[in-house]
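Enquirer: Below you will find the structure I want to go over with you.
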Amino acid sequence: MLGKGTEKIEVFGREYEIKDGRLMWNGTSAEPYSQAAPFFPGYVRNVTMCVHISPDCNLACKYCFKNVRGDLEFDDVRRFADIVTALYPRADRYIMDLSGAGEPLLRKDLVLRIADYCKTLSDKFMREFLPTFVTNGTLLDGQTVKELQDAGIIFGVSLDGTKDMHDRNRVFANGKGSYDIVERNVRNIERKTFLGAAVTYSEPELLDSFLNAFSLVPTVSMKPVRYDGDPIDADAICDSYDRLVSYVLDAALRGDMGYVFSLINGDDYFGKFLKRVVSAKSVYGRCDAGIARFALAGDKKIYCCPAGTGNPLCEVGDLETGICRGKSENLWRTLLNPHCVGCFARSACGGECKIVSYNKYGRLDGVDENMCAIKRRLYVLSVYFCERLHEENPSAYMRLGDEVRKIDGYSALDEDLARAAEVAVGKYTFTELKELRNNKEQKFRKILKVIFNERY
């Protein structure tokens, strides 16, 4: 297993050297040259508001983390949005994540009402407020899919690998697996451009899981189940990632970029590392929980992330008093984890998940060495992937870079749109201009020309 003091690392017969805590690539450091800045209010690009839309679920998944009961109403969500936007009034983009711990579609009417409110917020702030969530997929009938897509909601489906893998964890209360229902519902969806699969793996069979999900949806995001007391077999998972990356790389070398694009367009573990290596950008911390990501639970308290609900260490405020900056700043400090000093993967990893640390050690700033080993392997595999692709198919490597830049642009402010909305107050709303830009680009450009000519 890899460690901080490792001097040589081999990947598929290719050897890399560690010098002064840095992975060397072609004789130079592979560490990104663009260093991320610390989080502070004027810097945050994306702000995420997580809402536990429902504490209830029609499944009884083996690894479910729901631990706070209570229902939220629309006014609670509105007050939550007011609190967060007051803290960050000029972010580039806001995400309203309605996943929570239960099944969001059990409260579909509230989901649709919040999606409509996101349009109101978009017009008010002249920034995108994107409603999104992950569903277990059992309730995605045709009418529901149409309502969600018409409302502009981006949703994903939990699909934990092959039928056997999925049905071992994602079961109904009677113990029956849910795979067949989910697969049927997903296959019946016609517009799948923005549809993704969220794969939570608890066993090292990643390639089969990926290929199965990829056969159903265009974007696949695979993550390990959060630590629940059982030891993680890091060696087996690293070996499984080797097989997955080798398969995806072989396809990319042939010019087939579908697999790798599927992984980098979502929230996949390997995909994140690969994007950071391609873009040469480091991360300041693993996640923005409690910094630019907040979760509202049924107890009306605000936590640093959905998985931290009910945990006093993760509580940062409530609907009555707002977000406590002191508690949030305590979470900022956990980003600079002393355990990470000297690790060659630190700039691409960002440290341990706060919830994984708490579940194992009872504190937010610990590290799970098994997870560290997996993430170090992912970093090396990402460097290897880029090196091989650059050497053997330069045009494919350029396509990969273009796709990464396009994805990075999704989270950036659309300055043309924001400026046009500011100038066109009283004529067009932000939402109307966004709709034109997305679907009628030529008309949008003509409107921009008229707007700016009239103004100047």
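Enquirer: Solvent-accessible area per residue for segment 334-394 at a 1.4 Å probe radius, Å²? Could you put the intermediate results ahead of the total?
Expert: Values: 2010 Å² over 61 residues.
Solvent-accessible surface per residue comes out at 33 Å².
Enquirer: Also, I was wondering about something else. What lysines could a cross-link reach from LYS281, if we take a straight Cα to Cα line under 17 Å and drop same-chain neighbours fewer than 8 places away?
Expert: Excluding near neighbours in sequence, the set is LYS272, LYS375, LYS406.
Enquirer: If amide H atoms are built 1.01 Å from N in the plane of the peptide, which residues on other chains or at least 5 residues away come under 5 Å of the amide H of ARG293?
Expert: HN-HN under 5 Å from ARG293: THR48.
Enquirer: Just to be sure I follow: if Rg is taken over the C-alpha atoms of segment 297-425 and Rh is the Kirkwood radius over the same atoms, what is Rg/Rh? Mind dumping the intermediate values first?
Expert: On the way: Rg = 20.3 Å, Rh = 18.4 Å.
Rg/Rh: 1.10.
Enquirer: Which percentage, to the nearest 5, of the DSSP beta bridges contained in segment 136-270 is antiparallel?
Expert: Numbers: 1 of 10 bridges.
So the antiparallel bridges in segment 136-270 amount to around 10 percent.
Enquirer: Right, something else. Which order do the peptides 394-400, 418-424 come out in when sorted by mean C-beta neighbours inside 10 angstrom, highest first? Walk me through the intermediate numbers first.
Expert: Values: 394-400: 15.7, 418-424: 18.3.
Peptide ranking by packing, descending: 418-424, 394-400.
Enquirer: Also: Tell me which GluC sites (Glu not before Pro) from segment 261-359 have a DSSP coil assignment and no more than 14 other beta carbons within 10 Å of their own.
Expert: Details: sites: GLU315, GLU320, GLU329, GLU352; in loops: GLU320, GLU352.
The qualifying sites are GLU320.
Enquirer: Sticking with this structure for a sec: Mean Kyte-Doolittle hydropathy of -1.0 or higher plus an axial Cα length of 24 Å or more: which whole DSSP H helices in the chain meet both? Kindly include the intermediate steps, with their values, before the conclusion.
Expert: Working: long enough: 108-125 (25 Å, -0.13); 234-253 (28 Å, 0.57); 369-392 (34 Å, -0.24); 394-410 (25 Å, -0.76).
Taking the DSSP H segments of the chain (at least 24 Å long, mean hydropathy at least -1.0), we get 108-125, 234-253, 369-392, 394-410.
Enquirer: Packing-wise, with mean Cβ within 10 Å as the measure, how do 299-305, 259-265, 72-78 rank, highest first? Spell out each step's value before the answer.
Expert: On the way: 299-305: 22.9, 259-265: 21.3, 72-78: 15.0.
Highest mean packing first, the order is 299-305, 259-265, 72-78.
Enquirer: Over the Cα atoms of segment 252-308, how large are the radius of gyration and the largest Cα-Cα distance (Dmax), in Å?
Expert: Using the Cα atoms of segment 252-308, the pair Rg, Dmax is 16.1, 53 Å.
Enquirer: How large a share of the accessible area of the chain, in percent, is made up of carbon and sulfur atoms when the probe is 1.4 Å and the other protein chains stay in place?
Expert: Working: 10040 of 20440 Å².
For the chain, the apolar C and S fraction of the accessible surface comes to 49 percent.
Enquirer: List, in order, the whole-Hz ³J(HN,Hα) value for each residue of segment 217-224 obtained from phi through the Karplus relation with A = 6.51, B = -1.76, C = 1.60 and θ = phi - 60°; use x for Gly and Pro.
Expert: The phi angles translate into 9, x, 10, 10, 10, 10, 9, x Hz.
Enquirer: Related question: Whole angstrom only: what separates the Cα centroid of segment 246-275 from the Cα centroid of segment 421-456?
Expert: Distance between centres, Cα-based: 36 Å.
Enquirer: Using only Cα positions of segment 349-417, each an equal point scatterer, no hydration layer, compute I(q)/I(0) via Debye at q = 0.15, 0.26, 0.29 Å⁻¹ and quote the log10 values to two decimals.
Expert: -0.75, -1.02, -1.14
Enquirer: Moving on. Would you mind checking the pairs LYS223/LYS327; LYS146/LYS427; LYS62/LYS176 and listing those with alpha carbons more than 24 angstrom apart?
Expert: Values: LYS223/LYS327 28 Å; LYS146/LYS427 29 Å; LYS62/LYS176 12 Å.
Pairs exceeding the cut-off: LYS223/LYS327; LYS146/LYS427.
Enquirer: So what are segment 207-334's ellipsoid semi-axes, whole angstrom, largest first, if each one is the square root of 5 times an eigenvalue of the alpha-carbon gyration tensor? Don't jump to the answer; show the numbers that get you there.
Expert: Numbers: eigenvalues 246, 54, 42 Å².
Result for segment 207-334: semi-axes of 35, 16, 15 Å.
Enquirer: Moving to a separate point now. With the convex hull built on the Cα atoms of segment 190-254, state its orientation-averaged projected area in nm².
Expert: Values: hull surface 21.1 nm².
The number I arrive at for segment 190-254 is 5.3 nm².
Enquirer: Then there is this: What whole-number volume per residue, in cubic angstrom, does the convex hull of the C-alpha atoms of segment 361-456 give?
Expert: Spelled out: Cα convex hull of segment 361-456, divided by residues, is 194 Å³.
Enquirer: Still on this structure: In the chain, what percentage of the DSSP-assigned beta bridges are antiparallel, given to the nearest 5? Could the numbers behind the result be given before it?
Expert: Working: 17 of 46 bridges.
Around 35 percent of the beta bridges assigned by DSSP in the chain are antiparallel ones.
Enquirer: With every protein chain present, what is the per residue accessible area of segment 44-130 (1.4 Å probe, Å²)? Walk me through the numbers on the way to the answer.
Expert: Numbers: 3360 Å² over 87 residues.
Value for segment 44-130: 39 Å² per residue.
Enquirer: Please quote Rg/Rh for segment 68-155 to two decimal places, taking the Kirkwood radius as Rh and restricting both calculations to Cα atoms. Numbers along the way, then the final one.
Expert: On the way: Rg = 13.2 Å, Rh = 13.6 Å.
Ratio value, two decimals: 0.97.
Enquirer: Of [x] 20, 49, 24, 6, 1; [y] 23, 59, 18, 0; [z] 26, 60, 14, 0, which is the value of P(r) over Cα pairs in 20 Å bins from 0, in percent derived from the coordinates here?
Expert: Checked against the structure: label [y].
The values are calculated or read from the model by the stated rules, or taken from the named source; none is laboratory data. Just so it is clear, the model here is predicted, and its values are computed rather than measured. We place every Cβ from the backbone using ideal geometry, glycine too, and count neighbours over all the protein chains shown. Heads up: the accessible areas ignore ligands, DNA and RNA and are worked out on the full protein's heavy atoms, side chains in. Shrake-Rupley method; radii C 1.70, N 1.55, O 1.52, S 1.80 Å.
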